[in-house]
Amino acid sequence: MSYPFSQYQASANYITSKLDGFTPDVVMVLGSGLGFMGDLVENPIVIPYGDIPHFKVSTAPGHKGQLVCGTLGGKKVAVMQGRMHHYEGYSFEDVSYAVRVLRLVGCSTLVVTNAAGCTNMDWEVGDIMLITDHIKFFLESPLRGENLPQFGTRFPDMSHVYTPALQEVARQSAKELGLTLRQGVYCYFPGPQFETPAEVRAARILGADACGMSTAPEATAAAHAGMNILGFTLLSNMAAGILDQPLSGEEVNATAEASKGKFSKLILSCLEKM
Ligand code: HPA
């Protein structure tokens, strides 16, 4: 099923009505550990997802479920504290619904972060990876169904989903902060189960450096809608089968918690420069 454009517009109109003339430029979808950045927003206007007509609510633990609009790093932002995942039972259109709505509200840039398993054997847990591209061809697209030309074209080009100029900003910021910044390909898996070791090996052969359960759907919808995109992955664990130890949500959260200082500094620096 796909939603009519009028539904997206109704959600956007509600948000706009709450913003009192403020128009955000950057939508930030923050993954595990980084939700606190919403609390750093200056002059915040907070809108619970549940109040926005037709909006989806996130059920994942640690995801607050509210939109925080205001200023961060000198930019006008709309921070999504909590995102929707396909594994929660949402369709891919639902997962990327908020990004499309915020496009209508006025955002032209998406900053997206996640935690993911590291499939690159040369890298370490706790490293941050700049997403240069993604693989998501196993499952349907968020753009499936009737095309909504108000967002973009039927067959959108995906040659540069992650905006080259924003990647350059990230490299520059990391350099100035003295941070190691890995660069690589994020492979989408639907979850909620972690991958099998064979799936991780397959992903590596296909060219993936990380595997995770988010980001690619939202980035696809944002690219369709002509948005600039900057994406980062926190490599929260070595992917399944690399180390002789089981994977757990607790390990992911512990790494996210331990890395949130450097990760948030990097994102703030990028906001200041872009
Ligand atoms: N796989 C998929 N998603 C994840 C992982 C992983 O290893 N770690 C954190 N999110």
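Listed values, structure above:
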read-out: Among beta bridges that DSSP assigns inside the chain, antiparallel share in %, nearest 5; value: 40
read-out: Gain on full stretching of the segment that runs from SER159 to HIS54 - 0.36 nm per residue minus C-alpha separation; value: 34.6 nm
read-out: Efficiency of FRET between ASN147 and GLU42 - r from beta-carbon atoms, R0 51 angstrom, step 0.05; value: 0.85
read-out: Calculated FRET value between GLU168 and ALA202, using beta carbons and R₀ = 35 Å, to 0.05; value: 0.65
read-out: DSSP H segments from the chain that extend 18 Å or more along their own axis, Cα-based, with Kyte-Doolittle mean of -0.5 or above; value: 249-273
read-out: Choice from VAL27, VAL200, VAL46 showing the highest fluctuation, given a GNM over the chain with Cα pairs closer than 10 Å; value: VAL46
read-out: Efficiency of FRET between LEU179 and SER6 - r from beta-carbon atoms, R0 41 angstrom, step 0.05; value: 0.40
read-out: Fewest-first sequence of ILE15, ILE128, ILE205 by Cβ atoms within 10 Å of each Cβ; value: ILE205, ILE128, ILE15
read-out: Net charge over other residues, Cβ less than 14 angstrom from the Cβ of TYR97 (K, R count +1; D, E count -1); value: +1
read-out: Stretch gain in nm, segment GLU272-ALA258, where the contour uses 0.36 nm per residue and the Cα spacing is subtracted; value: 2.7 nm
read-out: Cα centroid of region 88-113 to Cα centroid of region 256-274, whole Å; value: 21
read-out: Entries in LYS136/LYS265; LYS76/LYS262; LYS75/LYS136 that, when Cα-Cα distance is taken, lie over 27 Å; value: LYS136/LYS265; LYS75/LYS136
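No value in this document is a laboratory result; all are computed from the given coordinates. What you see is a predicted model; the values in this text were computed from it and never measured. Heads up, the Cβs are rebuilt from the backbone with ideal geometry, glycines too, and the neighbour counts pull from every protein chain shown.
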